[in-house]
Amino acid sequence: MAASSAEAMREAHAWMLAYLTGLVAAKRAAPGEDLLSELVHISDEGDRLSQDEVVSMAFLLLVAGHETTVNLIANSVLALLGDPAQMAMLRADPSLLPGAVEEFLRFDGPINIATLRFTTEAIRVGDIEIPADEFVFISLLAANRDPDRYPDPDRLDITRPGGGHLAFGHGIHYCVGAPLARLEAQIAIGRLLGRFSTIELGSPVLQWRASTLIRGLQTLPVRVR
């Protein structure tokens, strides 16, 4: 099963790489009014991104932007399904959406363990000292449920004062796509609540993806009307 999954991943990677390579070549030959065309043709004192650099950038934008936002929206809807009172409050007052999205990011964000970090010097965390030059795993989900930072952290509260969560990382690692992700989540969740008067969980059995990086469901079946 593992070998089969690994082979499927390699095939998917090869297919995506071939697709994006062809797409970049097409944009180079016939640019349009789109982001990829801008990346292909933008220059800084005559220095342009190479073919490999543009393809890598397109791959990053597609994978990072798609995976994170899709799971942010799904996790947010699941959180609302688990708390009908919060869903009713948000449906009644759409102006709460920006703050609600911040709470969704804190409560059950789409990234679990951040990409690898390492210590440049010894650092103390609680009673543990981590030596310099050690790899560390940072759990963004655990940090966002820290009871020393958030009162009653396991409770969804869309009126909770926003800010301070680590769903988008921090410092030089802060996600450059954060404004877009926030906007997409606000639009998607707002339209969903505005269009359907009733939204119910379609199955009591949910399966989370087997991933240390992504916090997301395999599927989120819902009934709407």
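The values are calculated or read from the model by the stated rules, or taken from the named source; none is laboratory data. Everything numeric here is computed off the predicted structure, so don't read it as measured data. Neighbour counts are summed over all protein chains in view; Cβ atoms, including those assigned to glycine, are modelled from backbone coordinates with ideal geometry. Surface areas here come from the heavy atoms of the whole protein model, side chains and all, with no ligands, DNA or RNA. Shrake-Rupley method; radii C 1.70, N 1.55, O 1.52, S 1.80 Å.
Check each of the chymotrypsin sites (Phe, Trp or Tyr not before Pro) in segment 101-192 and keep only those in coil by DSSP with at most 13 other C-beta atoms within 10 angstrom; list them in order. Don't jump to the answer; show the numbers that get you there.
Details: sites: PHE104, PHE107, PHE118, PHE135, PHE137, PHE168, TYR174; in loops: PHE137, PHE168, TYR174.
Listed in order of number, the matching sites are PHE137, TYR174.
Test of the criteria: in segment 101-159, which GluC sites (Glu not before Pro) are in a DSSP loop and have at most 16 other Cβ atoms within 10 angstrom of their Cβ?
On the way: sites: GLU102, GLU103, GLU121, GLU129, GLU134; in loops: GLU121, GLU134.
Passing both the DSSP loop test and the Cβ count: GLU121, GLU134.
When only C-alpha pairs under 8 Å and at least 6 residues apart count, what is the relative contact order of segment 74-147, in percent? Please list the in-between numbers first.
Values: 74 pairs, mean separation 20.4, N = 74.
Rounded, it is 28 percent for segment 74-147.
With the chain treated as a Gaussian network of Cα nodes joined by springs under 10 Å, which of ALA181, ALA18, ALA79 yields the largest mean-square fluctuation?
The residue that fluctuates most here is ALA18.
Please work out the C-alpha center-to-center distance from segment 14-70 to segment 118-176 and express it in whole Å.
Value for the Cα centre distance between the two parts: 32 Å.
Taking R0 as 22 Å, what's the FRET efficiency between GLN218 and ALA25 from their Cβ-Cβ distance, rounded to 0.05?
Details: r = 35 Å, r/R0 = 1.58.
About 0.05, to the nearest 0.05.
In square angstrom, rounded to the nearest 10, how much accessible surface does MET9 have for a 1.4 Å probe?
Answer for MET9: close to 140 Å² accessible.
Please arrange VAL176, VAL70 by accessible surface area, largest first, computed with a 1.4 Å probe and ligands excluded.
Details: VAL176 145, VAL70 70 Å².
If we order VAL176, VAL70 from most to least accessible, we get VAL176, VAL70.
Tell me, what is the Rg over Rh of segment 111-225, with Rh the Kirkwood radius over Cα pairs?
Details: Rg = 18.0 Å, Rh = 17.4 Å.
Checking Rg against Rh, the ratio lands at 1.03.
What does the extension gain come out to for ILE128 and LEU183, with contour length at 0.36 nm per residue minus their alpha carbon separation? Intermediate values should be presented prior to the final figure.
Values: separation 55, 0.36 × 55 = 19.80 nm, distance 3.90 nm.
Between ILE128 and LEU183, full extension yields an extra 15.9 nm.
Probe 1.4 Å, all protein chains in place: accessible area of ILE187 in Å², nearest 10?
For ILE187, solvent-accessible area is about 90 Å².
Given ASN144, LEU217, ALA25, which one lies farthest toward the positive end of the charge dipole of the chain, if we put +1 on the Cβ of every Lys and Arg and -1 on the Cβ of every Asp and Glu?
Highest projection toward the positive end goes to LEU217.
With runs of 4+ DSSP H residues as the only contributors, calculate the mean residue ellipticity of the chain at 222 nm using -39,500 (n - 2.57) per run, divided by the residue total and rounded to the nearest 500. The partial results should precede the final answer.
Details: 7 runs with 109 residues, N = 225.
Calculated from helices alone, the mean residue ellipticity at 222 nm is -16000 deg cm²/dmol.
State whether the chain is rounded, prolate or oblate according to the following rule on the C-alpha gyration tensor (a ≥ b ≥ c being the square roots of its eigenvalues): a/c under 1.5 gives rounded; otherwise a/b larger than b/c gives prolate, and the remaining case gives oblate.
Numbers: a/c = 1.67, a/b = 1.25, b/c = 1.34.
Oblate is the answer for the chain, as a/c is 1.5 or above yet b/c matches or exceeds a/b.
In percent, what relative contact order does the chain have, based on Cα pairs under 8 Å that are 6 or more apart in sequence?
On the way: 265 pairs, mean separation 44.3, N = 225.
Here the relative contact order equals 20 percent.
Let's test the formula: R0 of 22 Å, r as the Cβ-Cβ distance of SER4 and THR115. What FRET efficiency results, to the nearest 0.05?
Details: r = 26 Å, r/R0 = 1.18.
Calculated value: 0.25.
Provide the FRET efficiency to the nearest 0.05 for the ILE42-THR159 pair, computing r from the beta carbons and using R0 = 45 Å. Before the final figure, lay out the partial values.
Numbers: r = 42 Å, r/R0 = 0.94.
Rounded to the nearest 0.05, the efficiency is 0.60.
Ranked from the most accessible area to the least, with a 1.4 Å probe and all protein chains present, what is the order of HIS173, HIS165? Intermediate results must be reported in sequence, preceding the final value.
On the way: HIS173 100, HIS165 25 Å².
The ranking, largest first, comes out as HIS173, HIS165.
For segment 12-62, state which GluC sites (Glu not before Pro) are in a DSSP loop and have at most 14 other beta carbons lying within 10 Å of their beta carbon. Before the final figure, lay out the partial values.
Numbers: sites: GLU33, GLU38, GLU45, GLU53; in loops: GLU33, GLU45.
Listed in order of number, the matching sites are GLU33, GLU45.
Determine the gain in length on full extension of the stretch VAL136-ALA92; use 0.36 nm per residue of separation and subtract their C-alpha separation, reporting nm with one decimal. Intermediate values should be presented prior to the final figure.
On the way: separation 44, 0.36 × 44 = 15.84 nm, distance 4.32 nm.
Net length gain for the segment: 11.5 nm.
What accessible surface, in Å², does a 1.4 Å probe find on THR159, ignoring ligands, DNA and RNA and rounding to the nearest 10?
80 Å²
Hey, what's the chain come to in accessible area per residue, 1.4 Å probe, Å²?
Working: 14140 Å² over 225 residues.
Normalised by residue count, the accessible surface of the chain is 63 Å².
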